[in-house]
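Accompanying notes for the structure given below.
Read-outs: derived from the displayed coordinates by stated rules, not from any lab. As the structure is a prediction and not an experimental result, all values here were calculated from the model. All Cβ positions, glycine included, derive from the backbone under ideal geometry; neighbour counts span all protein chains shown.
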Amino acid sequence: MTYNPLLEPVVALVAWTLVMLVWLSATRISKMRGKPIPDGARGSDMEPGPHNWPAHNYSHLHEQPTLFYAIVLALVAMGDAHAINLILAWAYVAIRIVHSIWQATANVVKVRLLLFALSTLCLLGLTVHAGIALILRG
């Protein structure tokens, strides 16, 4: 298999997801410091508040981005090398990173919704291009 630059945004988003894991862990550890942790407790059992925002975003990075991974890997498997798909993939990753930072800090829902909508448009574009490629090659 030859190198495909579409793999770069996939690796970048996985790396970012791990950054958010570290962020949520640091936030939870500092919040729980000195408090007893009951058996069977989960992070979601913590009282609500901004200290949970990084954890919420970490969960979000395991939802829609799974579709991103699937469609980009499908494009790679089809041998796609179109610049527009690379631009869309990097735009998706950049917007998701901004979404993460926004959700973990300010968390104004209207802004999050706009960022989510923009990233969804990138995902839609990638999906349409993959569908067209399947139709033309099939």
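A few points about this structure:
- Contacts under 9 angstrom Cβ, first residue in the range 112-138 being within 18 Å of residue 83 (Cβ to Cβ), partner acidic (Asp, Glu), 6 or more apart: 129/80; 130/80; 133/80
- Within the range 65-90, being buried (at least 16 other Cβ atoms within 10 Å of the Cβ) and either of a type outside the set (S, T, N, Q) or more than 22 Å from residue 4 (Cβ to Cβ) (or both) holds for 65, 68, 71, 72, 74, 75, 76, 80, 86, 88, 89, 90.
- Residue check, residue 2 out of contact with any helix residue (DSSP H, G or I) (no Cβ under 6 Å at 6 or more places or on another chain) and surrounded by 11 or more Cβ atoms within 10 Å (Cβ to Cβ): no
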